[in-house]
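Rule-based calculations on the coordinates, nothing more; no lab input. Note that the structure is predicted; figures quoted are calculated from it, not measured. Note that each Cβ is placed from the backbone with ideal geometry, even for glycine, and that neighbours are counted across all protein chains shown.
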Amino acid sequence: MTPRELRAFCLEFNASVEEFPFNPETSVFKVLGKVFALSALDASPLKVSLKCEPENAVRLREQHAGVVPGWHLNKRHWNTVTVGALPDQLVRELIEDSYDLVVAGLPKAERLRLDRG
């Protein structure tokens, strides 16, 4: 997965946007103002930080050397994934899971608005 493909995939989700609140190098992907992915798209190797259920986060770290606790994030809820170290399909699933977790935490009215979008 290339940086361009990673960006495009993150922006496919309903109401997702890319912002740069920290610096011009770090893409922050949000849904209705809530972060679901962060990546320095110009970095090598390419990495992306993703929200994850705590039990799943630990399991993924144990199973994949390319998954580590989220850098500068709550390590209980965030993993940093080295994109090339995992199959592209798994990276896509982890991004989708992160988006879904963030959406599940939104107020009901906002979730309903996303469903209609």
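A compact table of results
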item	result
Of the GluC sites (Glu not before Pro) in the range 36-117, those whose Cβ has at most 12 other Cβ within 10 Å and which sit in DSSP loop	none
Helix-derived mean residue ellipticity, 222 nm - over the chain, DSSP H n ≥ 4, -39500 (n - 2.57), to 500	-11500 deg cm²/dmol
Charge tally in the Cβ shell below 12 Å around residue 103, where Lys, Arg are +1 and Asp, Glu are -1, residue 103 excluded	+1
Low-density loop positions, trypsin sites (Lys or Arg not before Pro), the range 1-103 - DSSP coil, at most 14 other Cβ in 10 Å	76
Excluding exposed DSSP-loop chymotrypsin sites (Phe, Trp or Tyr not before Pro) (at most 16 other C-beta within 10 Å), longest clean stretch of the chain	23-70
From phi via Karplus (6.51, -1.76, 1.60), per-residue ³J(HN,Hα) for the range 35-40 in Hz, x at Gly/Pro	6, 10, 7, 9, 7, 8
Residue 40 versus residue 110: modelled label distance in nm, points set 7 Å from Cα along the beta carbon direction	2.8
Relative contact order of the range 4-117, defined on C-alpha pairs under 8 angstrom at six or more residues apart (%)	22
